[in-house]
Each structure stands twice: as C-alpha cells, then as structure tokens.
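The values are calculated or read from the model by the stated rules, or taken from the named source; none is laboratory data. All figures in this text were calculated on a predicted structure; none of them were measured in a lab. For neighbour counting, all protein chains shown are included, and Cβ atoms are generated from backbone atoms with ideal geometry for every residue, glycine included.
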Amino acid sequence: MHPFLKKKTMDKKILLADDEEGIRKVLGISLADSGYEVLTAKDGEEALKIFKETRPPIVLTDIKMPGIDGIELLQKIKQEDPDTEVIMITGHGDMDLAILSLKYEATDFVTKPINDDVLEIALKRARERISMRQQLREYTENLEELVQKQSARLVKIERLAAVGQAVEGLSSAIRDIAGDLGSGIRYFNEMPCFVSIHNRRLKIVAINQLYQERLGNKVGADSWEIYQGAESKRNTCPVAKTFKTGKGQRSRATISHSKGARYPVIVHTAPIHNSQGELELVLEISADISEVERLQEELRTTQHKYQQLFDEVPCYITVQDRSFKITASNKRFKEDFGEEIKTHCYEVYKYRAEPCEACPVAKTFTDGKSHQSEMVVTAKSGEQYHVLINTAPILNAAGEIEQVMEMSANITEIRRLQDRLTSLGLMVSSISHGVKGILTGLDGGLYLLNSGLAKDDQTQIAEGLETVAQMVDRIRKLVLDILYYVKERPLVWKRIDVLKFGDEVVSIVEPKLHHHPIEFSREIDSSLGEFEVDAGMASTALANIFENAIEACVEDRSGKAHRITFKITQDKDNIIFEITDNGIGMAPEIKENIFNLFYSSKGQLGTGLGLFITKQIIQQHEGSIQVESTPGKGTRFRVLMPKILAQAAKATPVEFRRETGQ
C-alpha cells in the first residue's frame, strides 16, 4: 500500500447459505476458526433478508437450494451491491451452473466435498478484490483532496497578483495630485508601497514613510540609485523613460534595501504636469512582490511534487472534460496508450466513435459522486487489458464539476490467474469423472479375468483381457490429452508425404475398428505430394476425430450397417482431410459446444479434452476445422491444413488457449 494511504481493517463478516444443516454447522465452525463472523441462512429467501440487513462483504452460497436458488440469490445480491464477493458451492454434476454463475460475476466456486485449502484460496481471492477496491477509493480520496488544496493555493496567488493591477490603476488616479509635494506625498504614507516623486533632473524630491523606513532617506538622490546595477540604469530607469516619452511605465525590477537586502518589485510611474501642461514631475510607485515570488516558487515545487505523485501512482490516470476529452494523463497511461491530449477517452480505450454505455465518467458528471466499473481496454500495442475503474469529480471555485479524474488499475494478471484457476478446477472435476469411469471399467475387466481364470473359461478370460486393454488405452489417451493441454510446445514440423501421413493415421485407427462391426473405407488422392506438418500432433488430432466417429456408430441402435470414410484431397493452398460417419449424429446444441474445453456428451466416459485438443492443434498449424451433422444420419468433420506453414507457426511456441466456452 502506498505510504500516504490510510490502512483500514477489512470487515470479516461472511454470510453462509446452504439448505443442509450439517454443512452450515461444520463449515460455520471452520470459518469462525479462520477469524470470520459467520451469519447462516437455510435458504435463499432468508439469505437475501440477512444480506439486506447486515451487508456482509462476502457471501458463500450453495448453488442448488429450494425456493430462491444460488444463481438467483447471486443476481439479487449483485443488484443490491455489485461489490459483494459471492462464492458458489457446487456438486460435481453442477458444472454448467457453476460456469453460468461466473457469467453473473460470481467471484469463484468450490465443489463438494469442500476442501479447506481450495476454500481458503477462493476466500483469499475475494479479500484481495475487496482490498484492491478499497485502495483505489483511498487513492481517489487523497488525490481529490490534493487537487482541492492546489486549487485554493492558486486562488490565493491570483489575488496577490491582482495587487499589481490595483497599483497601476491607483497611479493613474493620482496623476493630478499637485504642486505641493509635502501635502501630496502625505496621501501615500498609509500605502504598503514605496512611493517617490522625481524632477526633470532625475532627482528624488519626496518619498513616503515606508520608502524612508525600508530604503533610507533618499531625497536628493538619483532616481536610478536604488536599482540593482544602478550605473547601467541612468538612462533606462522607469523615471527616465517617463520623462522621455511622457507616458507612464510599468516594469519589474529589483531594488536595494538600506541594510543590503533586495526586493523584487513591480514599478509603476505616472507623469505629473504643471498648470501650463508641461511635464514637471514623475510619480513612482513600487510594490513589493517578494511574497508573490515566494508563493510562485512554492507553487512550482508543489506542482512538481504533485506531478511526481500523479506519474508514479501504479495505475492509469486521466483527467477528462464534459465531452470526454483527455486534458491530462499520467506517465503510465502515456506509456501504454499514447500521449495524445484532447482525444476522446473512448477513442483511446476502445477505438469507438461514440461514448461507452454506462460510462462511469458520465455518471460522475451527472451526480457528482465517485463511480466504479470494470471493462476491457485496448493499448496502443493492440494488447487488451482488464481494468478496474474509479472516478472522482474535480470542482472549480464555485463548487461546480469542471472535470472528472479517472483512475484505472490494470487487473489483467488477476483475471488471467482467476481464469486459469477456474479452468484448473474444471479440468480436475472433468478428469475425476473420466478416471472414475476408467476405474469402473478396470474393475469389470479384472472381475471377468479372475472369474475366467477360476473357471478356466478362455472366452471369459479373453473378454476380461480385452476390457482391461481398452481401459489401458483410455488411460493412455487421457494422459496424452492432459499433457497436450498443460504443456506449452512449439511445432516439431517437417515436410512429409501426405500418403505416408494418411497411412500412419489409418494404422492408429484400424485396431480400434476391429472390435466393432464398422465398415471402413479410404479415398486418398495419389497426387497429393508433401506438406509441412508436426506429424505426431496432427495424427493425434485426427485420431480424436476418428474416436468420436467410432463412438457415434457404436451408440447408434437403429440397426443399420455402419461405415466410416476417410478422404484426403487438396485445393491450391491446403490438404483437406474428411472423416465421415453414419452414426447417431449430433443435435445443434451439442455440435455448437463440442470444441469447448471440458464439454462432453458422453457422461463419465469422456473428459471434454479430446476435441478441444484437436481444435488447438489444427489452429496451431494455422488450419481450420468444420463440422456438419444431422441427428440420426451422421457427421462429417472437414479439416484444412496448410501445405506450407506460416513463419509464425514455425518459429513461435504456442500455449493452448484455455477456452471455456463461456
């Protein structure tokens, strides 16, 4: 935390909503041991009532409850207070609801049975978000206070500067103070200025009391004597210029104190004419501006410190006018978004032609209050950042909102970490289901094997061995999918004959087909030549598609004869692979989600990694994949792979994107 921020104690109140009394009791004790003040509710209605009365900063709610369920409770709480951090409790079968809760701005979710370490990570993330918002508000409050102080100081300096204008007007008003120098000069004894009267011989003939006290009795002295560098001022001092031109003069100068001190002054002169209209005397009035200069120097120092603070705050700061034009910005903003001033913020942040909807700056101009929002902005490099925005009004001397200061904290890394942790949780849950199915299959295979050995039944032994082999194959595939998902890897590419590559893919697939009554045919153009490819990764991608085709045929109970066709053709730039089956086909909602991470229509038999990995491998090759499917008739996958890889695909390691389909 920045040293000028006031540290506040975080409210550790938490609301726990769950319809199971045992979970409320056990989890309540655990949270209380962690230092939380725990409020409990047995359903969504009671939770909403308690929330409105107590406003806890963190809510922990079951996703399925009678009446108002967890999703509806989340939405109502966010309507009441968008800053409340809500953590969802889900069962293993509630992944779709868990993903939906993230769309409604849930902080995180934890699965039953609840692991203390996982829960603590979620609570820590919630506390960090609350702490970040609190720090941003405090930054805003302190900067707003600093702006107000500087505004007050500027007003004071402007008032002092007005002294010079007042003196100039006064010198004009007294030009007609006349002949009797003694009575004339007495008018000036109460003035806080140095006043003197000079004759045509450039001699001082009268002075006021302050002049005598501060500068000494200079009556009879030369008019230029009091000025710094006096000898060079003989013909250029203000009095000499007035006698020469007949007009009053205004200038800045430095005069000497009787004890050696020096005063910066603003000098005004006014000609005094005799009764015949001849220029006879000159009135000189000098106002001490040393206090003004001291304040100006102090202002410059303060402005420098303010600019340093403005530039070093660890977030983006802009000042915007009512048309949303940026009138000032700090160093970090200029580094990432450019130095253009008088450019609309929505042009800089979003490359839009009009203001953003629900703009927090517009809200502050409307009601004069600070507002907060979160959005994605685009830097001048093209990179996108998640930012948390706070606004504060800047008032003029009349108390009117003149500008708005916008502070944006870059929380991109926090969001990426959240996404990865969410993705990791989904992966663990999905893989757990897959492993459970494999273990069940292994148990069945071992039972058949043991039973066959005991009975010396070769048919049963063979059936058991086949089942175990299938489960081992599924374990191998699961492990490879996980490795492809978690490991960043470049393409290990080379030029390879397309026919040879096609044969390698078929050699992987044919053993799987032998166990099922499925006709397999291939149509491969013999003139295909070579293409650039990571053969290991690409064959894995196509094998995943083949496995889906086989499963689609096996699951079809219509009684028709099943077949799978593997076709390889080409166009000008691409090698085209087509895998067609006449299995059960896919409904539109399934086809739309098959490439999403962890989506599976196979229940415990699938992890949702296979086709996701396939799409990522093809995209890494700068290729594309298309799917056509009709329920009851079958599916066709069409994969386009470039004959020559793009240089970026060859040179750059590509990390698989953690797409969740949200």
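Things to note:
- Residues in segment 561-597 that are touching a Lys or Arg at 6+ places or on another chain (Cβ under 7 Å), part of a loop (DSSP other than H, G, I, E, B) and more than 15 Å from Ile518 (Cβ to Cβ): Asp573, Gly585, Phe595, Leu597.
- Where Ala47 falls short, out of the listed (1) more than 31 Å from the chain's Cα centre (by Cα); (2) loosely packed, with under 15 Cβ neighbours inside 10 Å; (3) assigned to a helix (DSSP H, G or I); (4) touching a residue at least 24 places away in the same chain (Cβ under 8 Å): (2)
- All of Gly164, Gly169, Gly184 fail the test of being within 12 Å of Ser286 (Cβ to Cβ), in a helix (DSSP H, G or I) and modelled with pLDDT under 80, apart from Gly164.
- Being surrounded by 15 or more Cβ atoms within 10 Å (Cβ to Cβ), under 27 Å from Gln135 (Cβ atoms) and not small (Gly, Ala, Ser) is not true of Met95.
- Residue match in segment 111-123 (condition: in contact (Cβ under 8 Å) with a residue 24 or more places away in the chain, at negative phi and touching a Lys or Arg at 6+ places or on another chain (Cβ under 9 Å)): no
- Consider segment 210-229 and keep the residues that are surrounded by fewer than 15 Cβ atoms within 10 Å (Cβ to Cβ) and closer than 16 Å to Ser251 by Cα. The one that is modelled with the highest pLDDT is Gln228.
- Residue within segment 114-133 that is surrounded by 15 or more Cβ atoms within 10 Å (Cβ to Cβ), in contact with a Pro (Cβ under 6 Å, 6 or more places away or on another chain) and not in a loop (DSSP other than H, G, I, E, B) present: yes
- Criterion: touching a His at 6+ places or on another chain (Cβ under 9 Å), at pLDDT 85 or above and within 19 Å of Gln570 (Cβ to Cβ) - qualifying residue of Val554, Val505, Val498, Val533: Val533
- In this structure, Leu27 does not qualify as at pLDDT 90 or above and buried (at least 20 other Cβ atoms within 10 Å of the Cβ).
- Close Cβ contacts (under 6 Å, 6 or more residues apart or on different chains) running from residues in segment 218-241 that are over 12 Å from Glu284 (Cβ atoms) and free of Cβ contacts under 8 Å to residues at least 40 places away in the same chain to residues that are loosely packed, with under 14 Cβ neighbours inside 10 Å and not small (Gly, Ala, Ser) comprise Gln228/Thr254.
- For the residues Lys103, Lys64, Lys78, the requirement of being closer than 18 Å to Arg133 by Cα and either basic (Lys, Arg) or in the same structural domain as Glu374 (by TED's automatic domain parsing) (or both) singles out Lys78.
- Selected residue (criterion: surrounded by the most Cβ atoms within 10 Å (Cβ to Cβ)) from residues of segment 252-266 that are touching a helix residue (DSSP H, G or I) at 6+ places or on another chain (Cβ under 6 Å) and more than 15 Å from Lys218 (Cβ to Cβ): Ile266
- Subset tally (residues that are part of a loop (DSSP other than H, G, I, E, B) and hydroxyl-bearing (Ser, Thr, Tyr)) for segment 220-245: 2
- Taking the conditions (1) in contact (Cβ under 8 Å) with a residue 60 or more places away in the chain; (2) within 24 Å of the chain's Cα centre (by Cα) in turn, Thr107 satisfies each one other than (1).
- Subset of segment 607-623 [under 31 Å from the mean Cα position of the chain (by Cα), at pLDDT below 85 and not in a helix (DSSP H, G or I)]: Gly608, Leu609
- Number of residues in segment 246-287 that are in a loop (DSSP other than H, G, I, E, B), of a type outside the set (Gly, Ala, Ser) and touching a strand residue (DSSP E or B) at 6+ places or on another chain (Cβ under 8 Å) equals 4.
- Of all residues making up segment 361-416, the number that are of a type outside the set (Lys, Arg), part of a helix (DSSP H, G or I) and more than 13 Å from the chain's Cα centre (by Cα): 6
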